[in-house]
Every structure is written in structure tokens, then in C-alpha cells.
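Nothing in this text is a laboratory measurement; each read-out follows from the coordinates by a stated rule. It should be emphasised that the depicted structure is a prediction, and the values quoted were computed from it without experimental measurement. With ideal geometry, Cβ positions are generated from the backbone for all residues, glycine too; neighbour counts draw on all protein chains shown.
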Amino acid sequence: MKIAIILPHFYPYVGGGETMFYDVARGMVERGHEVRVVAELVDEEHTGHKVVDGIQVWYCPWKSMFGHPFPRTKDIEPHIRWCDVVHTSIFTTAPVVSTLAQKYHKPSLLSVYEVRGKKWFWSDVFYRALIYYAVEQFSCRQKFDVYHAISDATKRDYEKYIGKRDVRRVYLANEMGKEEKKSSSGFSLRKYFGIGDEKVILYYGRAGKTKGVHVYAQAIRLLKQRGIDLSGVRFCFLLGKEPEKPRRDFVETIEKWGLKEVVRIQGSVAREDLECCIAQADCVVVPSLTEGFGFSALEACQIGTPLVYSDGGSLPEVAYGKCRSFHNRDAQDLARKLTAVIRGDARAFRTVPEKNFTKEAMLGGLEEIYREIRREKAFFVE
């Protein structure tokens, strides 16, 4: 089968969606399919036609606005004419791919990572949230044969905010705790943060508003105001550089609220070192307001580190092992759950049976959709 994958971003761009499509493209090549990926130019090294781990990739110089590229039809059209099936994602590639797929009668699939709907207004000023809401509506309503949701929560939100269509849930894959270790460097979490034998409660990822770090900061402030003994605990944050302003605002908030004594902030680390960090932490906190899948929560569970997580979005779907949820956007409830963790309360966590999210299941689910929509399209065209 000839598969064209048209994306806003692709490897080496780092993100959950980009990781998914890298695994999909590579997996389909290993299964004997021909795969072409077309995406925005990332850097000078990745320009024009390249072969990445057996994947034929075309990096194109598209113009961007607010981090979202606007693809050119002339860069995409030859690959859609070539393919048997075309696969894309939200946001900016969806309209042009839908138009071209219909023009050349090609079976098409749209991957939807998340549908926020009215939840856009939870974390942004009104006018900006309204723009994001409109773009999401426009993107998700484009005509495709099948819509791929990466979790049941995303599927429910699609049907709630967009409407009833042929939406199939195929989970993403993550096997962090089950993969062979890539590094034996002995990376030390405590050394990296400059702390001793204090209990480590870890957050890692971006400081974006939907990631809930402001709720987490409020909860830490409440712990201090209530006189909870924090001398033996450190709240450690591995924060990416982007988005820059929310990160800066978060750092300033920690300083303004006088929390620097118990909060430590450092930059992101390599993936193999991140696995060491998660394993060495006493607890991981994932306070997200919304999540289409929830890689951070799942990674903690796969490694076996206790988890405190928001009950928003898909997080309850992926969490297992020693874990405990708190009410989404509720700093008071998060503070209560953290108090139990800090005090070593035997009831701080509950045990949820193991769940599996394998690459084999993800690839098999998507390959089945490819074959089905190809058969159906061929029947109707004939």
C-alpha cells in the first residue's frame, strides 16, 4: 500500500503528535508499505527530500503564524496523486488534504489529538480562545472518510463539540518502562536539582496554561499557608523552554509567592535521562486541564512511579498502578492529595490494574482503517 502522510511538523520536531506519526511511518515501512511524509521545513539539515529511518520525507518551506505552518498545495498534490491512502492531522494541513483527497478520490484519514471546544475559554483570554475555537471547528469539520481519535475522551469531545461522524478510537503507543535502557550514564535527579535526600515530587513538560502548572503552584502555596511541614520535600519541575512567556510567568509566580525554598526548576533533559528522573522521583504530578492522551501520566505508570493526576480529559483512561486523581482545576483538592503523599499516608494512593498501550496495537488499528477505507473507496469509484 502507498501511504501519504501530510503533517504540519515531523521529526526532528518534538511533540506527542510528531512522535506518534514517526512511529506510524516507520512501523508501516517495516510492515512493507511505501510511505511518504510531507511536512514543514524544520532546520537547514532537514531540507527538501530526505530519507529518515527508511521513511521518504519531503521538508517544505511553508510560512508559519503562531507556530502553525500553512502548507502549499503544489508541495502536497503530487504525493496525494501517488498514494493509495492519505493521512493527516489537525490543524492547518486538514483543509488542503481534504480538498485534494476529494479531487483525486483518495481514501483519507484525519487524526484528532484533542477537541477542546468550550474548554479553550478555561485557559486563555476571550478573543484568543474564540479564534482557537473557530480554527478547531473549521479543521475538525473538514470532510474525511474516517476520523481517528487517540482516546475515548477525545472521541467523546469530538462528538460533543463537532458532531456524529465515523470516529474510531485507536490509542497511541508508549513503551517507556518496557523499552531497553538507552543509557547507562547513571543520571542523578537529585544531583541535577542540587538536593539531598528530600522526597521528590516531580513535574515534567511544558508550562503551557492547559498543562495546569498554575493550579499546581496554587496547591503548593496552600500547603505552605496551612502550615504543612515541607522541610523534607522538594517540588521539582523539568520545564521546556517553550512556550517562553508561560514559563517565565510560572517562575515569577513561584518567586512572588515565596515558594523558592521548596520548588526547584530546571530545563528539560534527554529522553533516556528523563526515564531515570521519573524512576528516581517519589511521585509524579500531572495537573493538566485537558489531555488528548496523557503521555506524562502513562510514562510514570509504566516505570512504576506513584502518580497524582487531574481527572480531566483522557488521564483516567491511561493511569494505572499506584495513583490518585484530583478534581480538574481544583487546587484545594490537589493540596489535600499532596498532603497525604507528603505525610506518607497509606491511603494516599489507590492501585489500578495494569493497562497496555503498544506500538503493535496502534499500528494494527491504523493499518486496518487504511485497508477498510481503501476498499470502500475503490468500491464506490468503480
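Report, for region 177-352, the % of DSSP beta bridges that are antiparallel, rounded to 5.
10
Nearest 5 percent is fine: what portion of the DSSP beta bridges confined to region 23-73 is antiparallel?
Once the DSSP bridges in region 23-73 are tallied, antiparallel ones form about 60 percent.
First obtain the Kirkwood hydrodynamic radius of region 283-357 from its Cα pairs, then insert it into the Stokes-Einstein equation at 20 °C and 1.002 mPa s, and state the resulting D in µm² per second as a whole number.
Numbers: Rh = 12.1 Å.
Translational D for this selection: 177 µm²/s.
Could you tell me the extents of region 177-352's C-alpha atoms along the three principal axes, largest first, rounded to whole Å?
43, 32, 31
Quote the FRET efficiency, to the nearest 0.05, computed for D166 versus T99 with a Förster distance R0 of 22 Å and r equal to the Cβ-Cβ distance.
0.70
Applying a 10 Å radius around every beta-carbon, put 352-362, 328-338, 219-229 in order of their mean neighbour count, most first. Walk me through the numbers before you get to the answer.
On the way: 352-362: 13.5, 328-338: 19.8, 219-229: 15.6.
Sorting 352-362, 328-338, 219-229 by mean packing, highest first, produces 328-338, 219-229, 352-362.
When you count, for each residue, the other Cβ atoms within 10 Å and take the mean per peptide, how do 53-60, 66-73, 295-302 rank with the highest first?
295-302, 53-60, 66-73
In this model, which of K50/K143; K2/K359; K224/K245 are farther than 22 Å apart at the alpha-carbon?
K50/K143; K224/K245
Around W120, under 13 Å between beta carbons, what's the net of Lys plus Arg minus Asp minus Glu among the other residues?
Values: positive: R116, K118, K119, R128, K209; negative: E114, D124, E136, D157.
Summing Lys/Arg as +1 and Asp/Glu as -1 gives +1.
Above 15 angstrom, tally the Cα pairs of region 113-167 and express them as a % of all pairs, no decimals.
46
Just to compare against my own numbers: the Cα pair-distance distribution for region 140-248, 10 Å bins, whole % per bin, please.
Once binned at 10 Å, the Cα pair distances of region 140-248 give 11, 23, 29, 23, 12, 2.
Could you give the size of the charge dipole of the chain about its Cα centre, using +1 on the Cβ of each K and R and -1 on the Cβ of each D and E, expressed in debye and rounded to the nearest 20? Intermediate values should be presented prior to the final figure.
Numbers: 59 positive and 50 negative charges, 213 e Å.
Computed charge dipole of the chain: roughly 1020 debye.
Using helices alone, I'd like the mean residue ellipticity at 222 nm for the chain: each DSSP H run of four-plus residues gives -39500 (n - 2.57), total over residue count, nearest 500.
That comes out to -12000 deg cm²/dmol.
Given the Cα-Cα distance of F138 and T73 and 0.36 nm per residue of separation, how much length would full extension add, in nm?
21.6 nm
Quick one: which of 155-162, 189-196, 104-111 comes out on top by average Cβ neighbours within 10 Å, and what's the full order, highest first?
Packing order, densest peptide first, comes out as 104-111, 155-162, 189-196.
For q = 0.11, 0.25 Å⁻¹, what log10 I(q)/I(0) does region 38-127 give under the Debye formula with an equal point scatterer on each alpha carbon and no solvent?
The Debye formula, applied to the Cα set alone, gives -0.39, -1.33.
If all Cα-Cα distances of the chain are sorted into 20 Å bins from 0 onward, what percent lands in each bin, rounded to whole numbers?
27, 56, 17, 1
Rounded to the nearest 20 debye, what is the charge dipole size of region 222-270 about its Cα centre when +1 sits on each Lys and Arg Cβ and -1 on each Asp and Glu Cβ?
Numbers: 10 positive and 7 negative charges, 7 e Å.
My answer is approximately 40 debye.
Explain nothing, just the number: dipole magnitude of region 226-349 about its Cα centre with +1 on each Lys and Arg Cβ and -1 on each Asp and Glu Cβ, in debye rounded to the nearest 20.
Computed about the Cα centre, the dipole is about 360 debye.
Report the relative contact order of the chain, percent, no decimals, based on alpha-carbon pairs under 8 angstrom and at least 6 residues apart. Can you show the working numbers first?
Details: 710 pairs, mean separation 54.6, N = 382.
Once normalised by length, the contact order is 14 percent.
Positive end of the dipole of the chain, charges at C-beta (+1 Lys, Arg; -1 Asp, Glu), about the Cα centre: which of M65, Y104, G15 has its Cα farthest in that direction?
Farthest towards the positive pole: M65.
Could you tell me what percent of the DSSP beta bridges with both partners in the chain are antiparallel, to the nearest 5?
20
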